[in-house]
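A short worksheet on the structure shown next.
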Amino acid sequence: MDWITVIWSAAAGACLILGLTQFVVWCGRKHAWENLWFSVTTIGVIGLIACELLTMKADSAAEYANTVRWAHLIFLIVCGGMLGFVHSHFGTGLRWLLQLALGLRVAAVIANFTTGENLHFKSVDSLRQIEILGQSVNIVDTWQANPWVILGQLASLVMLAYIINAAWRMWHSGTHDARRRAITLGGSLTIFIALAATLAGLVAAGVLKIPLHTSLPFFCMIIAMAYELSREVLRSDRLAQQLRTNQLELAHLSRVSVLGEMAGALAHEVNQPLAAILSNAQVGSRSMNKGEPDLVEIHAILDDIANDAKRAGGIIHGMRAMLKKDQPPDPHPLPVNPTIHQVLAMLQGEISSRGVTIELDLEEPLPHAHFNRVELQQVLINLVMNSLDAMKLQTHGAALKITNSHDGEHVVLSVHDSGPGISSDIMNQLFDPFFSTKPGGLGLGLPISKSIAEHFGAQLHATNHPQGGAMFELRMQSAVALSIKAETPSNPNKP
């Protein structure tokens, strides 16, 4: 078995897999330039591995020298990718030093093609064979050194200076993660580049009688870079989890804030059934004090008391559900119209105090939506409260229209107010976090509502109604349509 071919091919295959993986990551995250530069570097290292195999198995001195010549062009790709990676990942290197390193490397490649057979050897006169891993490989026997090789060595020194400078500046940024990256990545790249340049120089000078094995240090460099990128992936995953937790916290705070604003209205709503219960109890007591109480009337009074108690309990239950901080449960088939009525009942005091007329145009029957009740309540409360605030300065004729419809696949709910509408200069910022046109507003209601909608596969849009005023439209997935899709085979030709 040719172990040389097996080992070098395995290294090239590993580089290819790592490079393709990071290229796919870059395709999904175009701003992550370090992933693209890593892929470029792996392509160059694969080329260096192939050139080393060709030099070790060259049939003539001319073929050996020509392969080394093209290896210098491939090495330019490695240097460019590596410097781009450090520049993107660290973001601390001196730009002029980066440009100098690339310029010197380009100059070295030009000298490689113009000053002899290649940058290391002005001429290669003969080869001889040695054994490595039980295999015979070729090395240079007699040659004439190219004095222009110092240009390549100078390019390597400047490249090392750029990496060391970038790592040093990263270290002094002060954070623990920055210092770790400066040591692990900056240190690894410095060691492996210096090792590769030293090996190449010693072989070209005839001190070491071995093949030009520069790909091994560069393969180790690829492993160090891949390790750093893998940590970035894990870090991104932790940040995404933290973001989801923060979104849940914001949604909870938004619900608490809304309920705080509605405290008076909620007290009014709870007070109504409690007052009715007290009144009915007093009437019932007086009836019982009569000599012969009317049992039919007493029965009706008790029914009224039970209904009012259920109403008060429903209001309290709705408040407790809104205040819960739990992770939103999975969506399930939800009747939309009862939820609309519940929200309007909760906001009745606020609506009445502002003199707003509510107009409902609700389809019956309406397919169930693919959503969750508490989250839909929160979205509706935010939309209705936004509309009420928009009509705050309207002295008469303030009206809020809530409609719904369905188109087979979606259940569409719209909230249309008679306010001034949404000006064009803020339309694009409407769902941005912390953007608010209300004095003292947090600017979280609409962004959280949009986030909730997207969590349940719905869409929330805002526009100006042709008849005036703003209109918010919540387009939810129909539970019926989803169930039909789930039951439909992916291949219609299969039974």
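Numbers for the structure displayed
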| quantity | calculated |
| --- | --- |
| Number of the exception - Met322 against (1) modelled with pLDDT under 70; (2) farther than 26 Å from Leu400 by Cβ | (2) |
| Within the stretch 409-430, tally of residues that are touching a residue at least 12 places away in the same chain (Cβ under 8 Å) and touching a Ser or Thr at 6+ places or on another chain (Cβ under 8 Å) | 11 |
| Helices (runs of 4 or more DSSP H) within the stretch 135-241 that include 1 or more residues surrounded by 15 or more Cβ atoms within 10 Å (Cβ to Cβ), modelled with pLDDT of 85 or more and in contact with a Leu (Cβ under 8 Å, 6 or more places away or on another chain) | 149-171, 187-205 |
| Number of positions in the stretch 23-36 that are in a helix (DSSP H, G or I) and under 16 Å from the mean Cα position of the chain (by Cα) | 7 |
| Failed item in (1) farther than 18 Å from His465 by Cβ; (2) outside any helix (DSSP H, G or I), with Gly421 passing the rest | (1) |
| Single match in Gln378, Gln394 (criterion: at pLDDT below 80 and under 33 Å from the mean Cα position of the chain (by Cα)) | Gln378 |
| Selection count where residues are over 19 Å from Gln477 (Cβ atoms), buried (at least 18 other Cβ atoms within 10 Å of the Cβ) and among the small types (Gly, Ala, Ser), scope the stretch 341-382 | 1 |
| Leading residue by the ranking (nearest to Glu363 (Cα to Cα)) among those in the stretch 409-420 that are surrounded by 21 or more Cβ atoms within 10 Å (Cβ to Cβ) and β-branched (Val, Ile, Thr) | Val411 |
| Qualifying residue in the stretch 89-102 (condition: assigned by TED's automatic domain parsing to the domain that holds Tyr227, touching a helix residue (DSSP H, G or I) at 6+ places or on another chain (Cβ under 6 Å), at pLDDT 90 or above and not aliphatic (A, V, I, L, M)) | no |
| Residue in the stretch 19-38 that is of a type in the set (Val, Ile, Thr) and at pLDDT 90 or above present | no |
| Extreme residue, surrounded by the fewest Cβ atoms within 10 Å (Cβ to Cβ), among residues of the stretch 383-408 that are within 16 Å of Ser436 (Cα to Cα) and touching a residue at least 60 places away in the same chain (Cβ under 8 Å) | Met385 |
| Top-ranked residue in the stretch 56-82 [being outside any helix (DSSP H, G or I) and surrounded by fewer than 17 Cβ atoms within 10 Å (Cβ to Cβ); ranked as modelled with the lowest pLDDT] | Asp59 |
| Matching option when the condition is within 30 Å of Glu34 (Cα to Cα) and either of a type outside the set (Asp, Glu) or in the same structural domain as Leu36 (by TED's automatic domain parsing) (or both), among Trp168, Trp148 | Trp168 |
| Complete set of residues in the stretch 14-44 that are more than 22 Å from Leu133 (Cα to Cα) and of a type in the set (A, V, I, L, M) | Leu16, Ile17, Leu18, Leu20, Val24, Val25, Ala32, Leu36, Val40, Ile43 |
| Candidate set from the stretch 83-131 (those that are β-branched (Val, Ile, Thr) and farther than 17 Å from Ala200 by Cβ); member that is surrounded by the most Cβ atoms within 10 Å (Cβ to Cβ) | Val86 |
| Subset of the stretch 151-198 [touching a Cys at 6+ places or on another chain (Cβ under 9 Å) and either closer than 13 Å to Ala101 by Cα or basic (Lys, Arg) (or both)] | Ala155, Ser156, Met159 |
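Yes/no per residue for (1) under 33 Å from the mean Cα position of the chain (by Cα); (2) modelled with pLDDT under 80; (3) charged (D, E, K, R):
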{"site": "Leu295", "(1), (2), (3)": "no, yes, no"}
{"site": "Ile316", "(1), (2), (3)": "no, yes, no"}
{"site": "Met346", "(1), (2), (3)": "no, yes, no"}
{"site": "Ser353", "(1), (2), (3)": "no, yes, no"}
{"site": "Glu359", "(1), (2), (3)": "no, no, yes"}
{"site": "Leu383", "(1), (2), (3)": "yes, no, no"}
{"site": "Lys401", "(1), (2), (3)": "no, no, yes"}
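The values are calculated or read from the model by the stated rules, or taken from the named source; none is laboratory data. These numbers come from a predicted model, not from an experiment. Cβ sites come from the backbone with ideal geometry, for glycine too, and all protein chains shown count toward neighbours.
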